[in-house]
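Accompanying notes for the structure given below.
The values are calculated or read from the model by the stated rules, or taken from the named source; none is laboratory data. It should be emphasised that the depicted structure is a prediction, and the values quoted were computed from it without experimental measurement. FYI the Cβ positions are ideal-geometry reconstructions off the backbone, even for glycines, and counts take in every protein chain you see.
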């Protein structure tokens, strides 16, 4: 009887630890928030490959300026491709449990690619995403969905 009583708290603790670990993971769906207007712009899904590389793809545009927009200002393989479904984060690697770097992020409305880094904040409920050119960086805070 005593063994069974101990198994319940241990199982509960393991469950709590495992769910906490997934909350502090960059993978998942994120609502992007425009840093200038404060308005939600899109939903980005971040995934991690078996080699540990993180990528992010726009799965939904919220209130697009025109139906089915394409990246007409892009200069790489994404030129004239639909923005919905587009991979905007490429090559990101984990530095530690909450910080990621070494990748790039595309701003589709400008067609520009920036060096990028990400940081999980507020216990993994938000993701600070920065794009940099030289020493000038801009950041947005995305909200986990």
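Within region 93-108, being part of a strand (DSSP E or B) and either farther than 16 Å from residue 44 by Cα or under 13 Å from the mean Cα position of the chain (by Cα) (or both) holds for 93, 94, 99, 100, 101, 102, 103, 104, 105, 106.
Pairs meeting the criteria (first residue in region 80-92 and at negative phi and at pLDDT 95 or above, second residue surrounded by 16 or more Cβ atoms within 10 Å (Cβ to Cβ) and in a loop (DSSP other than H, G, I, E, B), beta carbons under 7 Å, at least 6 apart or on different chains) are 81/71; 83/71; 83/108; 86/71; 86/78; 86/108; 88/108. Within region 109-128, is even one residue outside any strand (DSSP E or B), surrounded by 15 or more Cβ atoms within 10 Å (Cβ to Cβ), under 14 Å from the mean Cα position of the chain (by Cα) and in contact (Cβ under 8 Å) with a residue 12 or more places away in the chain? Yes, because at least one residue in region 109-128 is outside any strand (DSSP E or B), surrounded by 15 or more Cβ atoms within 10 Å (Cβ to Cβ), under 14 Å from the mean Cα position of the chain (by Cα) and in contact (Cβ under 8 Å) with a residue 12 or more places away in the chain.
Candidates are the residues of region 80-92 that are assigned to a loop (DSSP other than H, G, I, E, B) and surrounded by fewer than 16 Cβ atoms within 10 Å (Cβ to Cβ); the one that is nearest to the chain's Cα centre (by Cα) is 85. Among the residues of region 69-79, none qualifies, meaning not one is under 13 Å from residue 25 (Cα atoms), in contact with a strand residue (DSSP E or B) (Cβ under 9 Å, 6 or more places away or on another chain) and at pLDDT 95 or above.
If you take the residues of region 24-58 that are under 13 Å from the mean Cα position of the chain (by Cα) and modelled with pLDDT under 95, which of them is nearest to residue 139 (Cα to Cα)? Across region 24-58, the extreme among qualifying residues is 33.
The single residue among 77, 72, 35 that is outside any strand (DSSP E or B) and closer than 14 Å to residue 131 by Cα turns out to be 35. Screening residue 63 with (1) surrounded by 11 or more Cβ atoms within 10 Å (Cβ to Cβ); (2) without any contact (Cβ under 8 Å) to a residue 60 or more places away in the chain; (3) within 18 Å of residue 142 (Cα to Cα) gives one miss only, at (1).
With respect to (1) in contact with a strand residue (DSSP E or B) (Cβ under 7 Å, 6 or more places away or on another chain); (2) farther than 26 Å from residue 98 by Cα, the lone exception for residue 56 is condition (2).
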